[in-house]
1. In deg cm²/dmol and to the nearest 500, what is the mean residue ellipticity at 222 nm of the chain if only DSSP H runs of at least 4 residues count, each as -39500 (n - 2.57), divided by the residue total?
2. Per residue, what volume in Å³ does the Cα convex hull of the stretch 87-221 take up?
3. Students often check this: by mean Cβ neighbours within 10 Å, which of 133-139, 179-185 ranks highest, and how do the rest follow?
4. Cα-Cα over 22 Å: which of Lys42/Lys137; Lys78/Lys181; Lys78/Lys124?
5. Round to a whole number: what % of the accessible area of the chain belongs to carbon and sulfur, probe 1.4 Å?
6. Give me the tail of P(r) for the stretch 6-60 as a percent: Cα-Cα pairs with distance above 19 Å.
7. Among the aspartates and glutamates, select those whose C-alpha is under 15 Å from the C-alpha of Lys118, and discard any that sit fewer than 8 residues away in the same chain.
8. For Cα pairs less than 8 Å apart in space and 6+ apart in sequence, what is the mean separation divided by the residue count of the chain, i.e. the relative contact order in percent?
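The values are calculated or read from the model by the stated rules, or taken from the named source; none is laboratory data. Here the structure is a predicted model, which means the values were calculated and not measured. In this analysis, Cβ positions are derived from the backbone assuming ideal geometry, glycine residues included, and neighbour counts consider all displayed protein chains. Only protein heavy atoms, including side chains, enter the accessible area calculation; ligands, DNA and RNA are left aside. Shrake-Rupley method; radii C 1.70, N 1.55, O 1.52, S 1.80 Å.
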Amino acid sequence: MTEEAASNLIDVGNRIARSATFGNRNSEDVTLIAVSKTRTIKEIQPLITAGQRHFGENRVQEAQEKWPALIEFNKDIKLHLVGQLQSNKAEDAVEIAHFIHSVDRHSLVTALARAMDKSGKRPKCFVQVNLAEEAHKGGCTVADLPGLLTEAREADLPVIGLMCVPPVDLEPAPWFALLGKLARDHDFPGLSMGMSGDFESAVKIGATHVRVGTALFGART
Ligand SMILES: *Cc1c(COP(=O)(O)O)cnc(C)c1O
């Protein structure tokens, strides 16, 4: 199982490289985030040993339980928070994360900006867009994006790009292309898109950060 994760890492890396070539891109411009939610330290460690440095969690509390010790021994690890974030978790999020992918509303912009002022830490942020306006998903609507970006700029939030999770049952490429267009319109270099089932498509279309769990660690139980 654990050795499998290390060999999956090579496989996913190869698939990213191939997709980058197809997309006429440089694979060095794509950061693989190993999404380790629900995985134990024992399952994560082989990937660190194999050289993986970017990891993603979706819950702040789980990140606090697992990552301080791992980062203590591997100081170059970068932790990404990819899940929906409650405003009352903003201080803890800013404390532990190097990147936050789920900024999606005014109250969170305000809470994160205040937490950054207080702590002096400034994790880089992605604004999450709910492209298909799915009820159960985080993310602002396309219509609300310009206003939210203005608020983020006024609050001096370090926003580097946009993030999306497209509908599961539809072809993802058009959504990735739409997110890419929105990022270009707003002059953002970062595009956090692509998961285990669709990261190759995302890389071809321009993803700078892919968030991959299952393809590395196996199915979540
Ligand atoms: C869990 C999760 C992922 C990884 O999903 P896989 O299908 O296991 O690769 C990526 N992004 C977000 C926001 C997630 O919650």
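1. Values: 9 runs with 99 residues, N = 221.
So the helix-based figure for the chain works out to -13500 deg cm²/dmol.
2. Details: hull volume 16.3 nm³, N = 135.
About 121 Å³ per residue, rounded to a whole number.
3. Numbers: 133-139: 13.6, 179-185: 17.7.
Going by the mean number of other Cβ atoms within 10 Å, highest first, we get 179-185, 133-139.
4. Numbers: Lys42/Lys137 30 Å; Lys78/Lys181 27 Å; Lys78/Lys124 11 Å.
Violating the 22 Å Cα-Cα cut-off are Lys42/Lys137; Lys78/Lys181.
5. On the way: 5360 of 10610 Å².
On the chain, the fraction of accessible area on carbon and sulfur atoms equals 51 percent.
6. Values: 498 of 1485 pairs.
When all Cα pairs of the stretch 6-60 are counted, 34 percent exceed 19 Å.
7. Hits, sequence-local ones excluded: Glu91, Asp92, Glu95, Asp156.
8. Details: 396 pairs, mean separation 50.0, N = 221.
23 percent.
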